[in-house]
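The values are calculated or read from the model by the stated rules, or taken from the named source; none is laboratory data. Here the structure is a predicted model, which is why all the values come from computation and not from measurement. Virtual Cβ from ideal backbone geometry, glycine too; neighbours counted across all protein chains shown.
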Amino acid sequence: MNNLPPKGGQQASKQRLIHCAQQGLLKHAIPLEQGGLGDSFSDLTLAHESLGKDCLDNGLLLSINAHLWGAVFPILNYGTETQQQNYLSKLLSAQLIAGHAITEPQAGSDVNSLAMTAEQTAEGFVLNGHKRFISNTPIADFLIIYAQLNNKLSAFIVHADDIGTSFLDAPEVIGCQTATMGDVVLENCLIPLDRQLGKTGAGNMMIQQALELERAFIFAGICGVMDWQLKTVIQFSRQRRINAHHLGKNQAISHKISEMKLRLDTIRLWVNECARLKDNKKRITLPSAQTKLYAAEAFLQSSLDAVHILGASGLQENNPMAKLVNDAMASRLFSGSSEIQKNIIASLLGTGEGYK
């Protein structure tokens, strides 16, 4: 990923995503006949890890994953032939940037509590409601928005320039800052009937499938960032001298570094297992939740350990290591918090709140 545009501002974020598209990064695991590379999820994970190593930008990784799993794959899997023709090629080239809008001010991971409504009229669907903390919103050309249609959760393609639509650039968060984020406010937003995605009532299933993919593969890119993190700490421990010995000779430090390596390689194993299952057309509901839970907690602990090893230098304003702590905190929340992943795992094992 050479010559990636510099960070900074919404336009820069958009240009960085477009640059990734020009390198074919958005086409992995997409069939040739749909404009993709016709390769595998395993190829996707390798490409995303390489990107993470090159860019060290978790915000860009989050933006790409929101675009892919929130919009590209739902349209690939649920779109009509016309919808696929209208959107897919432009999404894969980043002529159009997109994502999905699920979270609301009073509803996060509990999709049954989503309150945004859609009403079918002779002219089209009229949507009303408020979404919050939606990745890509300020730069998105459209979003797949989930709303209640006749009390059935359903999906709709809403363009940024639709009347009654506001894609906002606030509130801001401190983690993954280069991933533009904001609220979506729909006030009597009228869209054509042909912009419903999937069947009425299929929204819950669509959300779960999108989040499964995001949970499984967002840490492919973050593995690349963690690889840089580990190498930086090792180099520092070799150069820093304490009583004529390099810092890594200190057993407490060497143990932290060993654990960082173990966490990184374990995340790779989980991500690769999800890719193997998807390439063999297997379900990944359980392993994706396990991947997300382990990876988010591991990324946070390794980020804290890295700053600890670097000492005060790790907290300097121009040192990216401290910023990774904020990114890691964000990773515990996006795609469902760590607690939600535990609920999913417990439910699939026949225990927990979701088991009946």
Next item on the list: Quick one: count up the residues across the range 149-203 that are more than 30 Å from Ser303 (Cβ to Cβ) and acidic (Asp, Glu).
Entry: 4
Next item on the list: Mind listing whichever residues of the range 315-335 are buried (at least 21 other Cβ atoms within 10 Å of the Cβ) and not aliphatic (A, V, I, L, M)?
Entry: Asp327, Ser331, Phe334, Ser335
Notebook entry, point to check: For Phe219, all conditions in the list (1) outside any strand (DSSP E or B); (2) of a type outside the set (Gly, Ala, Ser); (3) over 26 Å from Thr80 (Cα atoms); (4) not assigned by TED's automatic domain parsing to the domain that holds Ile344 hold save one; what is the number of the exception?
Noted result: (4)
Note to self: Between Val225, Val184, which is in contact with a Leu (Cβ under 7 Å, 6 or more places away or on another chain), surrounded by 21 or more Cβ atoms within 10 Å (Cβ to Cβ), closer than 27 Å to Arg268 by Cβ and modelled with pLDDT of 95 or more?
What the structure shows: Val225
Check: Mind checking which pairs have a first residue in the range 130-142 that is among the charged types (D, E, K, R) and a second that is part of a loop (DSSP other than H, G, I, E, B) and surrounded by 24 or more Cβ atoms within 10 Å (Cβ to Cβ), Cβ under 7 Å, 6 or more apart or different chains?
Finding: Asp141/Ile97; Asp141/Ala98
Next item on the list: Would you tally the residues in the range 24-64 being under 20 Å from Lys90 (Cα atoms) and small (Gly, Ala, Ser)?
Entry: 6
Check: Does Ser313 qualify as being in the same structural domain as Ile253 (by TED's automatic domain parsing), among the small types (Gly, Ala, Ser), at pLDDT below 95 and touching a Ser or Thr at 6+ places or on another chain (Cβ under 8 Å)?
Finding: no
Next item on the list: Would you tally the residues in the range 271-289 being surrounded by fewer than 20 Cβ atoms within 10 Å (Cβ to Cβ) and assigned to a helix (DSSP H, G or I)?
Entry: 7
Note to self: Which residue is nearest to Met226 (Cα to Cα), if the candidates are limited to the range 7-49 and must be assigned to a helix (DSSP H, G or I) and among the polar types (S, T, N, Q)?
What the structure shows: Thr45
Note to self: Going residue by residue through the range 257-266, is there one that turns out to be outside the structural domain of Phe41 (by TED's automatic domain parsing), of a type in the set (S, T, N, Q), part of a helix (DSSP H, G or I) and under 16 Å from Ile234 (Cα atoms)?
What the structure shows: yes
Item checked: Candidates Ala330, Ala306, filtered to the one that is of a type outside the set (D, E, K, R), assigned by TED's automatic domain parsing to the domain that holds Arg276, farther than 22 Å from Glu104 by Cβ and part of a helix (DSSP H, G or I) -> Ala306
Checklist line | Residue match in the range 20-41 (condition: surrounded by 22 or more Cβ atoms within 10 Å (Cβ to Cβ), more than 26 Å from Lys281 (Cα to Cα) and under 19 Å from the mean Cα position of the chain (by Cα)) | finding: yes
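Given the condition crowded, with 20+ Cβ neighbours inside 10 Å, part of a loop (DSSP other than H, G, I, E, B) and at pLDDT below 95, answer yes or no: does some residue in the range 336-352 qualify? Show your work before the answer.
Our first condition is that a residue be crowded, with 20+ Cβ neighbours inside 10 Å; within the range 336-352, this holds for 336, 341, 344.
If we keep only those that are part of a loop (DSSP other than H, G, I, E, B) too, we end up with 336.
Cutting the leftovers down to at pLDDT below 95 gives us 336.
Yes - at least one qualifying residue is present in the range 336-352.
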Check: Regarding Ile64, is this residue within 20 Å of Glu172 (Cβ to Cβ), modelled with pLDDT of 95 or more and not basic (Lys, Arg)?
Finding: yes
